[in-house]
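Worksheet: the structure to be examined is printed underneath.
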Amino acid sequence: MVELKYGTGKIRIPIPAKAKVSILEPLRAPVLDSVKDALAEALHAPIGCPAIETIIQERQPRSVAIAVPDETRPAPLREVLPPLLDRIEAKLERPVYDAVTLFIGGGLHPPADAAAIRRILPDGIARGCRIVAHDARAAVMRDYGFTSRGTPVRINAAFAEADLKMVIGQVDPHQFVGFTGGSKGVVIGCAAPETIEKNHSLMSQPNAQVGRLAGNPVREDLTEAGEMVGIDLAINFVLDADKQVVHLAAGTPSRALVPCAEVCARVYGVAIAEKFDIVVASCGGYPKDICLYQAQKGLNLASQALKPGGRILLLAASPQGVGDDIYFDYVSQFTSPEEVIRDFKSSGFRMGAHKAYLFGRTLVNFDVAVFSNLDPGILRKCHLRAADPATVIDEWVATFEGTPELAIIPNANTTYFYQK
């Protein structure tokens with residue numbers, strides 16, 4: 001019997017005795033004794049830039065913009081935001097609520113509604129500061145030109161016009177960005193659709209791989225765009241599988257990202273000697289499995305531990321449904337993932353449609369079953385098979401010739417694999 005995270009709870013799944021079971025989980029890293037103390041230390045001597053008090057004293061900014069993640073990305077904002085605002089206010093010549101605007105950077109996700117804003121920024125921690133839920137399709141944008149790879153850099157104008165620009169974000173493994181964090185919370189989180197689309201279109205290039213920073217075209221494009229925008233300070237952190245902070249760094253977006261990515265790689269990069277016949281993968285529970293669109297990341301990373309033609313069961317509660325209408329409308333047009341891949345390659349990159357292509361790359365190579373709260377008919381339109389965990393695992397193990405190697409992956413959205 002194995003117990004895995006599913007939504008906000010857990011699910012218990014029996015594993016047949018015939019299978020040889022391995023559990024592939026992140027490294028247990030020491031949790032920070034005090035996030036507040038670690039933040040104070042990081043802000044006292046940030047990497048690659050002056051302390052925030054020095055910046056404020058020199059500039060006396062009339063406006064401060066701070067980008068924070070939406071609820072698809074866990075963030076310790078209760079612990080980080082109040083002391084950060086205290087430090088800002090201590091050097092300002094007026095109350096912090098007159099100067100600071102908090103931007104919830106959701107990228108192309110629907111802008112956070114009032115209920116989501118309360119979950120992301122609960123009462124009290126915002127100190128009365130203005131809150132803007134970024135709307136990629138409706139917000140006025142500021143143009144910064146193009147990156148060397150041709151990405152148009154268009155950012156929420158209200159964020160762009162601030163005298164002091166900051167970003168708070170988690171560093172997680174990402175299937176083609178390498179790692180999240182750095183300037184991503186602004187360049188993607190607070191950007192126009194065409195910025196996001198062009199940057200993400202680089203995902204098919206060599207080295208656009210999980211766990212890679214240097215030479216990764218998607219990440220390097222994000223870094224260049226962030227420098228064009230002029231983000232003054234990033235606060236980045238690494239969480240363990242229980243959403244507790246194990247590392248925190250502050251500095252310029254590119255410099256603060258590096259030590260966090262190194263820690264993240266040690267925690268979530270798992271060495272395997274051989275690949276497996278069957279994989280049972282939990283996205284890691286809420287918010288990693290908040291919708292099917294987000295759960296694709298777990299399917300992609302977990303499949304990297306699977307032999308060609310292997311079988312994978314994905315646990316993804318998806319309480320917010322499919323998660324993207326463009327993706328669902330696109331994938332529903334086709335009768336097979338092979339058709340999706342052919343059309344996507346011939347038609348060119350499109351956000352939303354790209355998620356169908358990413359799903360398709362896994363579906364054509366492996367036997368995939370999904371356990372979720374979604375209607376089986378909805379899953380079928382996405383070319384996914386709904387399955388009861390115990391039933392499908394029993395079936396796979398019983399029909400396997402010999403002893404199957406079965407891997408349990410408790411945190412599939414963040415765990416990635418490399419062979420020893």
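State all residues of the stretch 60-73 that are of a type in the set (S, T, N, Q) and either open to solvent by 20 Å² or more (accessible area, probe 1.4 Å) or modelled with pLDDT of 90 or more (or both); if no residue qualifies, say none.
GLN60, SER63 - these are the residues of the stretch 60-73 that are of a type in the set (S, T, N, Q) and either open to solvent by 20 Å² or more (accessible area, probe 1.4 Å) or modelled with pLDDT of 90 or more (or both).
Which of the following residues is among the basic types (Lys, Arg), farther than 26 Å from ALA356 by Cβ, under 22 Å from the mean Cα position of the chain (by Cα) and at pLDDT 95 or above: LYS165, LYS184, LYS198? It would help to see each step written out before you state the result.
Details: LYS184 fails: farther than 26 Å from ALA356 by Cβ; LYS198 fails: farther than 26 Å from ALA356 by Cβ.
After applying the criteria, what remains is LYS165.
Working only within the stretch 335-347, note down all residues that are open to solvent by 30 Å² or more (accessible area, probe 1.4 Å) and assigned to a loop (DSSP other than H, G, I, E, B).
Listed by number, the list holds a single entry, THR335.
For the stretch 332-357, give me each residue that is closer than 24 Å to ILE409 by Cβ and over 17 Å from the mean Cα position of the chain (by Cα).
Taking the stretch 332-357 first, the residues closer than 24 Å to ILE409 by Cβ are 337, 354-357.
Hits for the stretch 332-357 are PRO337, ALA356, TYR357.
Among (1) open to solvent by 30 Å² or more (accessible area, probe 1.4 Å); (2) under 18 Å from HIS109 (Cα atoms), which single condition is VAL322 missing?
(1)
Yes or no: the stretch 114-124 includes at least one residue that is buried (at least 16 other Cβ atoms within 10 Å of the Cβ), part of a loop (DSSP other than H, G, I, E, B) and not aliphatic (A, V, I, L, M). Don't jump to the end; show me each part of the working.
Step one: list which residues in the stretch 114-124 are buried (at least 16 other Cβ atoms within 10 Å of the Cβ), which gives 116-117, 120-121.
Remaining after also requiring part of a loop (DSSP other than H, G, I, E, B): 121.
Retained after the next criterion (residues that are not aliphatic (A, V, I, L, M)): none.
Within the stretch 114-124, none of the residues are buried (at least 16 other Cβ atoms within 10 Å of the Cβ), part of a loop (DSSP other than H, G, I, E, B) and not aliphatic (A, V, I, L, M).
So which of LEU233, LEU306, LEU257 ends up being over 30 Å from ALA40 (Cα atoms) and open to solvent by less than 20 Å² (accessible area, probe 1.4 Å)? I'd like the intermediate steps shown before the answer.
On the way: LEU233 fails: over 30 Å from ALA40 (Cα atoms); LEU257 fails: over 30 Å from ALA40 (Cα atoms).
Exactly one of LEU233, LEU306, LEU257 is over 30 Å from ALA40 (Cα atoms) and open to solvent by less than 20 Å² (accessible area, probe 1.4 Å), namely LEU306.
List the residue pairs whose Cβ atoms are under 7 Å apart, where the first residue sits in the stretch 227-249 and is outside any loop (DSSP other than H, G, I, E, B), the second is among the acidic types (Asp, Glu), and the two are 6 or more positions apart or on different chains.
VAL246/ASP240
If I ask for residues that are of a type in the set (A, V, I, L, M) and either open to solvent by 10 Å² or more (accessible area, probe 1.4 Å) or over 15 Å from ALA160 (Cα atoms) (or both), which ones from the stretch 179-200 would you list? Before you say what the answer is, go through the steps one by one.
Just the residues of the stretch 179-200 that are of a type in the set (A, V, I, L, M), to begin with: 186-188, 191-192, 196.
Answer for the stretch 179-200, where residues must be of a type in the set (A, V, I, L, M) and either open to solvent by 10 Å² or more (accessible area, probe 1.4 Å) or over 15 Å from ALA160 (Cα atoms) (or both): ILE188, ILE196.
If you go through the stretch 17-49, how many residues are open to solvent by 20 Å² or more (accessible area, probe 1.4 Å), within 28 Å of VAL186 (Cα to Cα) and touching a helix residue (DSSP H, G or I) at 6+ places or on another chain (Cβ under 8 Å)?
So in the stretch 17-49, the residues open to solvent by 20 Å² or more (accessible area, probe 1.4 Å) come out as 17-18, 20-23, 25, 27-34, 36-38, 40-41, 44-45, 47-49.
After this cut, where a residue has to be within 28 Å of VAL186 (Cα to Cα) as well, the list is 31-32, 34, 36-38, 40-41, 44-45, 47-49.
Checking the rest, the ones that are also touching a helix residue (DSSP H, G or I) at 6+ places or on another chain (Cβ under 8 Å) come to 32, 36, 40, 47-49.
Adding up the residues that qualify gives 6.
Residues in the stretch 56-66: is at least one in a strand (DSSP E or B), without any contact (Cβ under 8 Å) to a residue 40 or more places away in the chain and over 25 Å from the mean Cα position of the chain (by Cα)? Walk me through how you get there before you give the answer.
Start the filter on the stretch 56-66 by keeping residues that are in a strand (DSSP E or B), which leaves 64-66.
After this cut, where a residue has to be without any contact (Cβ under 8 Å) to a residue 40 or more places away in the chain as well, the list is none.
No, there is no match, as no residue in the stretch 56-66 is in a strand (DSSP E or B), without any contact (Cβ under 8 Å) to a residue 40 or more places away in the chain and over 25 Å from the mean Cα position of the chain (by Cα).
Restricting the search to the stretch 68-103, which residues are without any contact (Cβ under 8 Å) to a residue 40 or more places away in the chain and under 20 Å from ALA136 (Cβ atoms)? Reasoning before the result, please.
Narrowing the stretch 68-103 to residues without any contact (Cβ under 8 Å) to a residue 40 or more places away in the chain: 86, 88-100, 102.
Scanning the stretch 68-103 gives a single hit, LEU102.
Is one or more of the residues making up the stretch 74-82 loosely packed, with under 14 Cβ neighbours inside 10 Å and either part of a helix (DSSP H, G or I) or among the aromatic types (Phe, Trp, Tyr) (or both)?
Restricting attention to the stretch 74-82, the residues satisfying the condition of being loosely packed, with under 14 Cβ neighbours inside 10 Å are 78.
In the following step, the residues that additionally are either part of a helix (DSSP H, G or I) or among the aromatic types (Phe, Trp, Tyr) (or both) were identified as 78.
Yes, the conditions are met somewhere in the stretch 74-82.
So, in the stretch 343-365, of the ones that are of a type outside the set (Phe, Trp, Tyr) and farther than 16 Å from PHE328 by Cβ, which residue ends up modelled with the lowest pLDDT? Quick ask: steps written out before the conclusion?
Pass one, the stretch 343-365, residues of a type outside the set (Phe, Trp, Tyr): 343, 345-348, 350-356, 358, 360-365.
From the residues that got through so far, the ones that are farther than 16 Å from PHE328 by Cβ too are 345-348, 361-362, 364-365.
Details: LYS345: 92, SER346: 93, SER347: 90, GLY348: 86, ARG361: 94, THR362: 96, VAL364: 97, ASN365: 96.
Selected residue: GLY348.
Among VAL218, VAL245, VAL238, which is in contact with a helix residue (DSSP H, G or I) (Cβ under 6 Å, 6 or more places away or on another chain), farther than 18 Å from LYS297 by Cβ and open to solvent by less than 20 Å² (accessible area, probe 1.4 Å)? Give the steps one after another, and end with the answer.
Working: VAL218 fails: farther than 18 Å from LYS297 by Cβ; VAL238 fails: farther than 18 Å from LYS297 by Cβ.
Testing whether each residue is in contact with a helix residue (DSSP H, G or I) (Cβ under 6 Å, 6 or more places away or on another chain), farther than 18 Å from LYS297 by Cβ and open to solvent by less than 20 Å² (accessible area, probe 1.4 Å) leaves just VAL245.
Looking at the stretch 84-104, which of its residues are under 19 Å from ASP163 (Cβ atoms) and either open to solvent by less than 10 Å² (accessible area, probe 1.4 Å) or part of a strand (DSSP E or B) (or both)?
Hits for the stretch 84-104 are LEU84, LEU85, ILE88, VAL96, ALA99, VAL100, THR101, LEU102, PHE103.
Is it the case, given these coordinates, that GLY251 is on the phi > 0 side of the Ramachandran plot and modelled with pLDDT of 95 or more?
Numbers: on the phi > 0 side of the Ramachandran plot: yes; modelled with pLDDT of 95 or more: yes.
In short, yes.
The values are calculated or read from the model by the stated rules, or taken from the named source; none is laboratory data. Note that the structure is predicted; figures quoted are calculated from it, not measured. Heads up, the Cβs are rebuilt from the backbone with ideal geometry, glycines too, and the neighbour counts pull from every protein chain shown. SASA here: full protein model, heavy atoms, side chains in, ligands and nucleic acids out. Shrake-Rupley method; radii C 1.70, N 1.55, O 1.52, S 1.80 Å.
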